[in-house]
Every structure is written in structure tokens, then in C-alpha cells.
Amino acid sequence: MFRSLLFAALIAAAPACALAGDLTPKAAGEVVDQLVAHMDGYMDPKVAAEVQASLKAHKAEYVRLDTRAAFAEAVSRDLYAASRDRHLKVSLETNDASRGARLSEEQQVLVDRRLAYGLMSVRRLPGNIGLLKTSYFEQGEAGGRLSNTMMELLKDTDALIIDLRANRGGGGASDEALLGHLSRTPIPMAKIFWRTASGGTEVMQRRAATPKDGPLYPDKPVFVLNSPRTASAAEAFAYDLQAAKRALVVGETTSGAANPSNRPFRLDYGFRVFIPTGKVVHPTTGGNWEGVGVKPDVEVPVDQALTEAYTRALAVAKPTVSTPKSEAERAAAIADPKATLLADQAL
């Protein structure tokens, strides 16, 4: 299934095995030819021509590879070398290596359901700090419903940490819904200049969703955790919040993959390819994060980012009600945030 807005193809749609001999020279040659043809749709025609030349120059090397995994790795390496585009990548979609193999719409829906639409954790940390962790942003309506549900669960926490350290992208209903809950006035999102199949240009302005009953977390402190693995739509989310000065970004600089795609490019033999067809321009900064990533406001190693954000969240949170029990819990957390987190995670 292809979604109407696809910011990243960096999450695996299905596990795929690297089996010796699962790729023939004929199949490899056909996929290279398909890639060369598909590059006509790339966002930058000049870069597309350079990539096409690279693919043709390396074709003899690719057809000597006898596994799809090795082929995908070699081609993706050369695609990046020619384009410097972190989104332009070939990967495996299915275990099936037959010519017309690809996930059906029903299978893709099942994959998303099994991944809980990107949900990894929704948790109340000691001291009443909310923690939301996701692996990707689901693009369909289910993603929007998930974001609304997560925020409903966390709306009474005193500060919120959004952990994107393992989030590889996506983009659509879920990130738009989540952004919509974090401000009373809409947080600006990127404008995308799409290159159409005919070579023209279409412009799309992304917008944060307007919650039916108003935002659930419009003014309490928000922290975002980033890592070098944070990619694509996850970077866009952090970039939007940082540009609006609505969140403090903690961790390390993200991967730097900004160029999105709005249509599929089919490959045979169980491969998939993400070919960017658009360029992002943010209305606040006039730029984007392509090639440079989103730089944190507070730079700390990835494995220390949660403790750092938690410490800061406890310091700025303003409880709306207090009891002897809640104050004792909060005081213990402030005294030793790291130990508190370790104890909480051990439960």
C-alpha cells in the first residue's frame, strides 16, 4: 500500500532474509534498468542524470551479486554517493524473491497493525512526567487516532518527553495530530514543492491538525529526544517544534533526510525503492534539514538524552495539585533522576 504522503522509506515494511542465490544476474539487471527509468521522476533532474549515469556504470558489478541483500546495499551506497540524498535507497520489501513479489495492501495494513502504528511506549514517569516513544509516524487515519489517544492518556502530566531516537520517519495523520495538541495556535509545518510526473511543480502546505475539542497539551513543557537514527518525518517534527520554540530538543544531531516522495516507484523481485519527488521549505526558517540534520538545543550522548530531559522536565514542571505522596515521589525523582528512571524501567 502506498500512502498519499510518504516522508520516509526508512522503516522496513517486512523482515527479509539474505539468502545466498536469491538473485540472478537477469533479475539484477532488470532492477537496475527499472531504477534508471524511475530516476526520471527524481526531484532534481540534474542529480537524477548523475545517478542514472552511476547506475549504468556499475551495472556489471551489480549483476555479479547473488543475494538481494548485497544488491540493495551496494546500489544504495552508490545512490547516496551520486546524490548525497539520504532518502534515495533500495531495500527489501518481502522474503519472496520472485519477479512480481511485493506486499499487498492487506499485508501492509497487517504490518502496520503488528507494529502498533509506530507506538513503542506511553508512560507516566515518577514525578508526573509523560513519556511518549514512537518508531515511526503512521500516515493514515489510524495514526491520527493513535496520537489523539496517546495525548488523552498523557494530558494530565506536568511535562512531556517525546522520544524520537528510534523514529525513522513516516509522516501524515499521526504527526499532524500530535503537533495539533501541542499549541493553541497552529505550529507551522513545511511547504513541499512536488515535481509532478510530467515535470511540472505542485505545491502542498502541510498543516497541524486542529483537535475537535481543543489541544490537550498546549502550554506545558515539551522535550524532544533525537539521535543520528532519527530520520525524515521525525526530523520534520523536531524541526517544526524547534522552529516554533515550542520544545527543547535534547540528544544528538539527526540523520539529515528531508526530501519526501508522493508516489510509488515499483521494483520487481521483492525490492522497494524510495525516490524523492519533492523539496521541503519551512516557512519559519526558509530552509530544511537535508544533509545537516536537526541540531539539538542541548547536546548530550544518545544514551544520556532521556536522563537529561527528565532532569530538566522535573525542574520546570509545575504540578497542578500536590499530595504528600506525590510530593515525596517528586522529591525522590529530583534528588536522583537517573536512579529513578532505572528503578522505573526495571518494573
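Restricting region 161-174 to residues that are closer than 19 Å to PRO296 by Cβ and not β-branched (Val, Ile, Thr), which is surrounded by the most Cβ atoms within 10 Å (Cβ to Cβ)?
That would be ASN167.
Could you check how many residues of region 247-265 are of a type in the set (Val, Ile, Thr) and within 17 Å of ASP85 (Cα to Cα)?
Number of matching residues: 2.
Based on what the data block shows, is ARG195 in contact (Cβ under 8 Å) with a residue 40 or more places away in the chain and not hydrophobic (A, V, I, L, M, F, W, C)?
So ARG195 passes the test.
Return a yes/no flag: does region 330-342 have any residue that is open to solvent by 50 Å² or more (accessible area, probe 1.4 Å), more than 30 Å from ASP85 (Cα to Cα) and touching a strand residue (DSSP E or B) at 6+ places or on another chain (Cβ under 9 Å).
The answer is no, given that none of the residues of region 330-342 is open to solvent by 50 Å² or more (accessible area, probe 1.4 Å), more than 30 Å from ASP85 (Cα to Cα) and touching a strand residue (DSSP E or B) at 6+ places or on another chain (Cβ under 9 Å).
Do the conditions hold for PRO264, that is, is it over 24 Å from ARG145 (Cα atoms), open to solvent by 30 Å² or more (accessible area, probe 1.4 Å) and under 17 Å from the mean Cα position of the chain (by Cα)?
It is false that PRO264 is over 24 Å from ARG145 (Cα atoms), open to solvent by 30 Å² or more (accessible area, probe 1.4 Å) and under 17 Å from the mean Cα position of the chain (by Cα).
Please go through region 317-329 and give me each residue that is touching an Asp or Glu at 6+ places or on another chain (Cβ under 9 Å) and either on the phi > 0 side of the Ramachandran plot or surrounded by 11 or more Cβ atoms within 10 Å (Cβ to Cβ) (or both), ordered by number.
Within region 317-329, ALA317, PRO319 qualify.
So ASP40 passes all but one of these: (1) among the charged types (D, E, K, R); (2) more than 27 Å from ASN95 (Cα to Cα); (3) not in a helix (DSSP H, G or I). Which condition number does it fail?
(3)
Of all residues being open to solvent by 60 Å² or more (accessible area, probe 1.4 Å), free of Cβ contacts under 8 Å to residues at least 60 places away in the same chain and part of a loop (DSSP other than H, G, I, E, B) in region 57-113, which is farthest from PHE137 (Cα to Cα)? Just the residue, please.
Step by step, filter region 57-113, then rank; the result is ARG64.
Looking at GLU308 and the list (1) over 30 Å from LEU103 (Cα atoms); (2) surrounded by fewer than 20 Cβ atoms within 10 Å (Cβ to Cβ); (3) acidic (Asp, Glu), which single condition is not satisfied?
Of (1) over 30 Å from LEU103 (Cα atoms); (2) surrounded by fewer than 20 Cβ atoms within 10 Å (Cβ to Cβ); (3) acidic (Asp, Glu), only one is false for GLU308: (2).
Specify the residue that is surrounded by the most Cβ atoms within 10 Å (Cβ to Cβ); the eligible residues are those in region 236-246 that are closer than 19 Å to ARG86 by Cα and of a type outside the set (Gly, Ala, Ser).
Looking at the filtered set, the residue picked out is PHE237.
Among the residues of region 121-144, is any assigned to a strand (DSSP E or B) and either out of contact with any strand residue (DSSP E or B) (no Cβ under 9 Å at 6 or more places or on another chain) or of a type in the set (Phe, Trp, Tyr) (or both)?
Checking region 121-144: at least one residue is assigned to a strand (DSSP E or B) and either out of contact with any strand residue (DSSP E or B) (no Cβ under 9 Å at 6 or more places or on another chain) or of a type in the set (Phe, Trp, Tyr) (or both).
Would you say THR201 is surrounded by fewer than 15 Cβ atoms within 10 Å (Cβ to Cβ) and more than 23 Å from the chain's Cα centre (by Cα)?
So THR201 fits the description; yes.
Do we have LYS220 as under 18 Å from the mean Cα position of the chain (by Cα) and either open to solvent by 40 Å² or more (accessible area, probe 1.4 Å) or among the basic types (Lys, Arg) (or both) here?
When the stated conditions are applied, LYS220 does not pass them.
Tally the residues that are in a helix (DSSP H, G or I), farther than 12 Å from ASN128 by Cα and without any contact (Cβ under 8 Å) to a residue 40 or more places away in the chain, restricting the search to region 329-342.
Counting residues in region 329-342 that are in a helix (DSSP H, G or I), farther than 12 Å from ASN128 by Cα and without any contact (Cβ under 8 Å) to a residue 40 or more places away in the chain gives 5.
Count, please, the residues in region 176-205 that happen to be within 30 Å of ASP219 (Cα to Cα) and assigned to a loop (DSSP other than H, G, I, E, B).
Count: 10.
What do you reckon, is SER54 polar (S, T, N, Q) and crowded, with 16+ Cβ neighbours inside 10 Å?
yes
Residues that are of a type in the set (Gly, Ala, Ser), closer than 26 Å to THR254 by Cα and either assigned to a helix (DSSP H, G or I) or modelled with pLDDT of 95 or more (or both): does region 24-37 have at least one?
The answer is no; no qualifying residue exists.
Just need a number here: residues in region 114-133 that are open to solvent by less than 10 Å² (accessible area, probe 1.4 Å) and of a type in the set (Phe, Trp, Tyr).
0
The values are calculated or read from the model by the stated rules, or taken from the named source; none is laboratory data. Computed from a predicted structure; not experimentally measured. Virtual Cβ from ideal backbone geometry, glycine too; neighbours counted across all protein chains shown. Surface accessibility is based on the protein's heavy atoms, side chains included, excluding ligands, DNA and RNA. Shrake-Rupley method; radii C 1.70, N 1.55, O 1.52, S 1.80 Å.
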